Amino acid sequence: MENHDIECIIESILFVSGEPVKLSRIAAVLGVEEFDVEAATNRMRDKYSFQRRGIRIVKLDDTIQLCSSPEYADYIRLVLETRKPPQLSPPALEVLTIIAYFQPVTKAYVEQVRGVDSSYTVGLLLDRGLIEACGRLNAPGRPMLYKTNHVFLRTFGLESLRDLPLLPDIETSEDGREGITAMIAELKAKEEEL
């Protein structure tokens, strides 16, 4: 199969899907190697970016998705008459940071790290789609486990969790919360860019 054909098929699949699609699934359907699908995707990403097109292909772990270009978000909002979602509060960013770095975690773990009740904030992050339940801990009461998802990666412009900034050594800092505070500030800056 020609590279051009692979690119056209990928573009069509992503356009119709509207959701992230696994690279392995596309490769299986096309009868090519996953590497070929990834190479075609990278060519398309470069072409869209170079031509300053209104769409982008984002890679989210082992999936890809067709999205609008962030620089045109204001026009899209005006035409579709949608509001920009409010920015996350510092407590929400704090909870999100804890979940992102230590996932899967229970609400009790988040509360232990923060030292305050986090029920409302975890619920807010679930409603915003930035985290999701991913099972139950095998412990008394079987508490729910939470992790980040593709919406989190897309929102913060990350391809995978490996792209998160490294956590500083909290033990060597004067104030143990200093490292977490720095990570929260970095996530907030990424959110504001997008």
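Quick rundown of the values:
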item	result
The lone exception for Glu81 - which of (1) touching a helix residue (DSSP H, G or I) at 6+ places or on another chain (Cβ under 8 Å); (2) charged (D, E, K, R); (3) at positive phi it fails	(1)
Test: residue in segment 46-57 that is loosely packed, with under 13 Cβ neighbours inside 10 Å, under 22 Å from Phe152 (Cα atoms) and of a type in the set (Asp, Glu)	no
All positions within segment 17-54 that are outside any helix (DSSP H, G or I) and either modelled with pLDDT of 95 or more or on the phi < 0 side of the Ramachandran plot (or both)	Glu19, Pro20, Val21, Lys22, Val32, Glu33, Gln51, Arg53, Gly54
Residue count, segment 90-110 (criterion: touching a Ser or Thr at 6+ places or on another chain (Cβ under 9 Å), open to solvent by 40 Å² or more (accessible area, probe 1.4 Å) and either free of Cβ contacts under 8 Å to residues at least 24 places away in the same chain or of a type in the set (D, E, K, R) (or both))	1
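The values are calculated or read from the model by the stated rules, or taken from the named source; none is laboratory data. These numbers were taken from a predicted model, which means no experiment stands behind them. Counting neighbours? That spans all protein chains shown, and the Cβs are built from the backbone with ideal geometry, glycine included. Side chains included, ligands, DNA and RNA excluded: accessible areas come from the protein's heavy atoms. Shrake-Rupley method; radii C 1.70, N 1.55, O 1.52, S 1.80 Å.
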